[in-house]
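Working notes, structure below.
Each reported figure results from applying straightforward, stated rules to the coordinates on display, with no laboratory input. The model shown is predicted, which means the values in this text are computed figures rather than measured ones. Neighbour counts are summed over all protein chains in view; Cβ atoms, including those assigned to glycine, are modelled from backbone coordinates with ideal geometry.
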Ligand code: AKB
């Protein structure tokens, strides 16, 4: 029997750092190789410095460890991506094409490719956005991810490469910091609240967006990657829902635990990005194909986030 050997590309990011630990717990420390542009201080495990836009560097790590699965998490997100659109396109697409090519050449068993709600734009239904609808993304990040979904589908159909993908909403966790997205406010707000500082939100108070708690995001990722091949019927990317709320609703919930918490609203360029995204995601295909079900309510998330971040402060 072949041992599962996993390479995580972009392991230092918000999702990557938590997913790395989950995979180490599941598959064994020695079977998970984390990689990123730079090593992370205090990281416990196997690590390789890797710029995934460099095909040779990627291939040599895959060969060195006889990698059987790749989680390709490296990407420039929606807000940061707008600062330099062409560079964002280059990095997001080149790294993906390298991962797909190495997957094809080295006969990798399974690849995970994260997509996002940013693939949707103004033509997609805002309330209850279905799996199959218009993809007219408003950001270069969204454009790269919708193209990436099609490349994943192409490699599956043309070469039989088992690429699996989820369209993540904003991910909320206490373990790591987000890196330049439009949904980042939903993490920033907690860091300010537990520090007894006011929070100035860069989105308007009634901006409803889809979100998911980190534990649910990890659960969904592992569940998708462990599902039998025949169960995966969508080879572009699956809609994934946790919950949806506005900045005002999360602030109200935080005030139930921290009554003195103060929030102000100063929408910036990220408001237009958020306004182009759906408010609620329909993920019935994920539910039907591989039994996805989210577990965390807004109340749960607020209580856990405040508890855990307070612990980190002590
Ligand atoms: C972002 O805000 O860019 C990301 C995402 C929704 O993909 N969190």
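Of note:
- Average Cα contact separation per residue, the range 145-245, under 8 Å, 6 or more apart, as relative contact order %: 43
- With the gyration tensor restricted to C-alpha atoms of the range 192-265, the semi-axes of the equivalent ellipsoid amount to 35, 14, 9 Å, longest first.
- In terms of other Cβ atoms within 10 Å, 141, 154 run from fewest to most in the order 154, 141.
- Highest-first packing order for the peptide set 10-19, 60-69 is 10-19, 60-69, based on the mean count of other beta carbon atoms within 10 Å.
- The angle between the Cα long axis of helix 55-65 and the longest principal axis of the Cα atoms of the chain comes to about 80 degrees, rounded to the nearest 10.
- Gaussian network model of the chain, Cα within-10 Å springs - most flexible of 118, 231, 204: 231
- GNM result for the chain, Cα springs below 10 Å: residue of 179, 81, 42 fluctuating most strongly: 42
- Of all DSSP beta bridges in the range 1-147, antiparallel share, percent nearest 5: 5
- Exposure proxy order (Cβ contacts within 10 Å, fewest to most) of 235, 158: 158, 235
- Ranking of 94, 270, 38, 87 by neighbouring Cβ atoms within 10 Å, starting from the fewest: 38, 87, 94, 270.
- Three-way shape call for the chain based on the alpha-carbon gyration tensor, with the a/c threshold at 1.5: prolate
- Taking the centroid of alpha carbons for each part, the range 1-40 and the range 54-93 are 15 Å apart.
- Cα-projected label distance for residue 308 with residue 97, points at 7 Å along beta-carbon direction, nm: 3.7
- The alpha carbon centroids of the range 195-237 and the range 137-174 are separated by 14 Å.
- Size descriptors for the range 163-214 (Cα atoms only): Rg and Dmax, in that order, 12.3, 44 Å.
- Value of [θ]222 nm, deg cm²/dmol, for the chain, DSSP H segments ≥ 4, -39500 (n - 2.57) each, nearest 500: -13000 deg cm²/dmol
- With Cα atoms, 0 to 90° folded angle of helix 214-226 axis to the chain main axis: 20
- When the Gaussian network model of the chain links Cα atoms closer than 10 Å, the mean-square fluctuations of 198, 259, 210 top out at 259.
- To the nearest ten degrees, helix 140-159 and the longest principal axis of the Cα atoms of the chain are 30 degrees apart.
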